[in-house]
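One structure is given below, encoded as C-alpha cells.
The values are calculated or read from the model by the stated rules, or taken from the named source; none is laboratory data. As the structure is a prediction and not an experimental result, all values here were calculated from the model. Counting neighbours? That spans all protein chains shown, and the Cβs are built from the backbone with ideal geometry, glycine included. For accessibility, only protein heavy atoms count, side chains too; no ligands or nucleic acids. Shrake-Rupley method; radii C 1.70, N 1.55, O 1.52, S 1.80 Å.
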Amino acid sequence: MSKVYTLYLDKLSEPMEQMIISMCPPEVDLRFLEPNVGKQGCIEDAECLIVTTYKCTKEVIERAKHLKLIQRTGIGLDMVDVAYAKQKNIPISVCVGINSQGVAELTILFILALYRHLTTLDELTRKGEWHTWTYRHDSFDLYKKTVGIIGAGTIGKEVMKRLKGFDVEILYNDVVRMDQDTEEKYGCSYVSREELLQRSDVVSLHVPLLDSTRGMIGKKEFAMMKDNAVLINTSRSQLLVVEDLIEALNNKIIHGAALDVFHPADEPFGRTVRNLITMPHIGAATYDTYYRVYSFCLNNIQNLALNNELQCLI
Ligand code: NAD
C-alpha cells in the first residue's frame, strides 16, 4: 500500500500530537517537523504539508519537491503563499465549516463577558475586593439589543443561530446578500456597513483578511458606532486599526472590545486599555473542534493516497 508522506509543520503540544497520531489511518505516514513523541520528518520528502499557523511560504513550497497537497487545519489562508502554490499546481484544502462552531461560541462568550465585566470582576473578586455595585450602571443584558454581523459566511451564520435564544435584532452586511428565505431562516436583515455600524449595540467581524478588509474598522467607523457599542473580532487582528481602537476605548467612543486575534506586537497597548478582552487566537482551539478538524484532514490525505477526490479545495 502506498502511504502519503505527510508532514505537520507546526509544533504541537504532546497531547495534541498524541491525538492526531491515534487517529491516523494506515495510508498516512504522519511526521512532524518538531516532534514530541511522533516521527521526525523533513520538508524535502513531504507529499502533503499540514498547516495550522506555520508560515507556508514560497521557500517552504519550493523545498517540498514532492508536494501534492497543502492541507490547512482552518479556513484562513494568510499563512500560505497561495499564488505560488497555484503557480505550481499544488492543491490547497481548507476546513470549511468544521471549526466554525467553536468560534461562534467564543463570539457569544465575548459579548456576555464584556457586558458583565467578567474578566475584571473575576480578577477583583479573587483579590478579595467585593464590587457588587461598581459596574451595575455599566453592565448590560443582551436581551433586545441589536447585533450587527459583518461577514455572514459560515461563522457569521453560526453566530446568528446562537443569537436566536437571546431575543435580539440581527443586522448583517456582506459583499453577497442572502436570498429572502435564508434571511428569514437566520432571522436577519441586510443593511449597508454604515447603517450596521450606526444601529448596532454589538458589532461582530467575520470577514476574511483581504486587501478590501484590512483596516476596515478605524477612526471613521468608531465615530459612527454607538457609545454603548461593543466590538468583537474573532477574525484577524489586521481588520482593525489598533491605535484607533485604543483611542476609541480610552475616550469612551465605544463601550468595549473583545479580540481573539490580538497580535502579540499590539500587546503593550492591551495593558492600558479599558474594557478590552484579549485572547491568543483560541476561537477554534478546543478538543472537539480539533477532533473534527483532524478527522477531516486525515480523511482527505487518505483520499490522496487512494486517488479519491480531494475535499474542500480552494
Ligand atoms: P467564510 O468564507 O465562510 O465567510 C466570510 C464571509 O465574509 C463571506 O460571506 C464573504 O462574502 C464575506 N466578506 C468578504 N469580504 C467582505 C467585505 N469586504 N465586507 C463584508 N463581507 C465580506 O469564512 P468563515 O468560515 O465564516 O471565517 C471567517 C474568518 O474567521 C476567516 O477568514 C478567519 O480569518 C476567521 N477565523 C478565525 C478563527 C479563530 O480561531 N478565531 C477560526 C476560523 C476562522
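Laid out as a table, the results:
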read-out	value
Criterion (in the same structural domain as Tyr291 (by TED's automatic domain parsing) and touching a residue at least 60 places away in the same chain (Cβ under 8 Å)) met by exactly one of Cys56, Cys48, Cys42	Cys48
Verdict on Val60 being of a type outside the set (Ser, Thr, Tyr) and within 16 Å of the ligand (Cβ to nearest atom)	no
Ile111 vs. criteria part of a helix (DSSP H, G or I) and within 16 Å of the ligand (Cβ to nearest atom)	yes
Pair list, Cβ < 6 Å and 6+ apart or interchain, from the stretch 76-97 residues that are touching a residue at least 60 places away in the same chain (Cβ under 8 Å) and in the same structural domain as Arg63 (by TED's automatic domain parsing) to residues that are away from the ligand (no atom under 16 Å from the Cβ) and in a helix (DSSP H, G or I)	Ile92/Ala85; Ser93/Asn300
Out of Val191, Val176, Val168, Val103, sole residue that is over 30 Å from Ile50 (Cα atoms) and either buried (at least 20 other Cβ atoms within 10 Å of the Cβ) or more than 16 Å from the ligand (Cβ to nearest atom) (or both)	Val168
Scope the stretch 194-219; condition open to solvent by less than 20 Å² (accessible area, probe 1.4 Å), near the ligand (Cβ under 10 Å from one of its atoms) and not hydrophobic (A, V, I, L, M, F, W, C); matching residues	Thr213
Residue check, Asp227 in a loop (DSSP other than H, G, I, E, B), open to solvent by 70 Å² or more (accessible area, probe 1.4 Å), within 21 Å of Thr146 (Cα to Cα) and in the same structural domain as Ala257 (by TED's automatic domain parsing)	yes
